[in-house]
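A quick write-up on the structure given underneath.
The values are calculated or read from the model by the stated rules, or taken from the named source; none is laboratory data. Note that this is a predicted model, so its numbers are computed, not measured. All Cβ positions, glycine included, derive from the backbone under ideal geometry; neighbour counts span all protein chains shown. Ligands, DNA and RNA are excluded from the accessible area calculation, which covers all protein heavy atoms including side chains. Shrake-Rupley method; radii C 1.70, N 1.55, O 1.52, S 1.80 Å.
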Amino acid sequence: MSQINADLNLFSAADLGSMEWVQSPAAGVWRKRLYVDGPSEIAKVTSVVRYEAGARFPEHGHPGGEEILVLEGTFSDQKGHFGAGWHLLNPNDSRHESYSEEGCRILVKLRQYSDKDTIHQDTGQLAWKRGSTNGVSFKSLYENAERGITTNIVHLEKGVSIPFQKFSGGMEIYVIDGDFEDEFGMHGGGSWLRYPPDAGNSISTGSGCKLYVQMGGLDIGG
């Protein structure tokens with residue numbers, strides 16, 4: 001797989017397993033940057049971040065908003081403790097001090113959430129909905145009709161194949177577990193993929209997989 005590619009007109013991919021952890025400004029907090037678009041201090045960034053047990057990130061703001069999906073462990077801030085499966089949306093200029101007593105790993109998207117609402121939800125409590133292809137189900141996380149964005153957790157059962165489809169606003173995928181194959185190759189757990197507007201793909205999985213999927217919004221730097 002290629003690694004970070006910020007050109008929105010090209011397919012981009014990153015394999016978490018092939019990347020080194022990089023120390024963040026806070027002791028005990030490490031990150032792997034999957035996607036960077038813009039100058040370092042004001043870029044749109046998608047990362048997987050790892051907190052060692054007891055690590056804390058001092059109070060900080062989030063211009064352009066912040067999105068978090070807790071992958072493992074427990075992530076905490078002033079608003080609560082969020083275990084694996086929690087999905088958090090923090091609006092523009094929100095602030096918090098983040099930490100993890102036991103350690104955690106989170107998927108983080110910075111400067112990519114434009115709504116004004118704070119949304120914290122336990123995806124484990126959300127109902128699975130039936131997809132348009134047999135063996136595919138999903139949980140709705142977020143929708144912005146004006147920007148054409150829908151974000152879901154998607155589950156594909158073993159042996160599922162999804163026929164070729166195009167996505168006018170682009171698509172972003174993070175493989176939570178399992179693996180799938182498309183025209184660009186095989187993508188296992190920890191893989192991140194960004195398909196440009198008007199791209200398309202077909203998906204098949206032998207073992208089954210669970211994915212974070214954003215459809216739309218990527219044509220305007222979402």
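Quick look at the numbers
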{"read-out": "Selection within the stretch 192-212 - among the small types (Gly, Ala, Ser), more than 24 Å from residue 123 (Cβ to Cβ) and touching a strand residue (DSSP E or B) at 6+ places or on another chain (Cβ under 7 Å)", "value": "199, 200, 202, 204"}
{"read-out": "In the stretch 36-65, the residues that are farther than 19 Å from residue 78 by Cα, open to solvent by less than 70 Å² (accessible area, probe 1.4 Å) and of a type in the set (Ser, Thr, Tyr)", "value": "46, 47"}
{"read-out": "Unmet criterion (only one of (1) in contact (Cβ under 8 Å) with a residue 60 or more places away in the chain; (2) under 26 Å from residue 18 (Cβ atoms)) for residue 208", "value": "(1)"}
{"read-out": "Condition met for residue 169 (in a strand (DSSP E or B), over 16 Å from the mean Cα position of the chain (by Cα), at pLDDT below 95 and among the small types (Gly, Ala, Ser))", "value": "no"}
{"read-out": "Among (1) more than 17 Å from residue 68 (Cβ to Cβ); (2) of a type in the set (A, V, I, L, M, F, W, C); (3) modelled with pLDDT of 95 or more, the one test that residue 218 misses", "value": "(3)"}
{"read-out": "Cβ pairs under 7 Å, 6+ apart, first in the stretch 122-149 and over 16 Å from residue 88 (Cβ atoms), second among the aromatic types (Phe, Trp, Tyr) and at pLDDT below 95", "value": "none"}
{"read-out": "Scope the stretch 92-108; condition surrounded by fewer than 19 Cβ atoms within 10 Å (Cβ to Cβ) and over 25 Å from residue 211 (Cβ atoms); matching residues", "value": "92, 93, 94, 95, 96, 97, 101, 102"}
{"read-out": "Residues being of a type in the set (Phe, Trp, Tyr), under 15 Å from residue 215 (Cβ atoms) and open to solvent by 50 Å² or more (accessible area, probe 1.4 Å) - total across the stretch 136-165", "value": "1"}
{"read-out": "Positions within the stretch 49-73 being in contact with a Leu (Cβ under 9 Å, 6 or more places away or on another chain), farther than 15 Å from residue 95 by Cβ and among the aliphatic types (A, V, I, L, M), in sequence order", "value": "49, 69, 70, 71"}
{"read-out": "Filtered residue count, the stretch 200-210, keeping only those that are touching a Gly at 6+ places or on another chain (Cβ under 8 Å), assigned to a strand (DSSP E or B) and surrounded by 18 or more Cβ atoms within 10 Å (Cβ to Cβ)", "value": "1"}
{"read-out": "Condition broken by residue 130, with the remaining ones in (1) among the charged types (D, E, K, R); (2) modelled with pLDDT under 95; (3) open to solvent by 60 Å² or more (accessible area, probe 1.4 Å) satisfied", "value": "(2)"}
{"read-out": "Top-ranked residue of the stretch 66-90 - restricted to ones that are part of a loop (DSSP other than H, G, I, E, B) and at pLDDT 95 or above, ranked as least open to solvent (accessible area, probe 1.4 Å)", "value": "85"}
{"read-out": "Scan of the stretch 166-193 for residues that are crowded, with 19+ Cβ neighbours inside 10 Å, more than 24 Å from residue 144 (Cβ to Cβ) and aromatic (Phe, Trp, Tyr), ordered by number", "value": "180"}
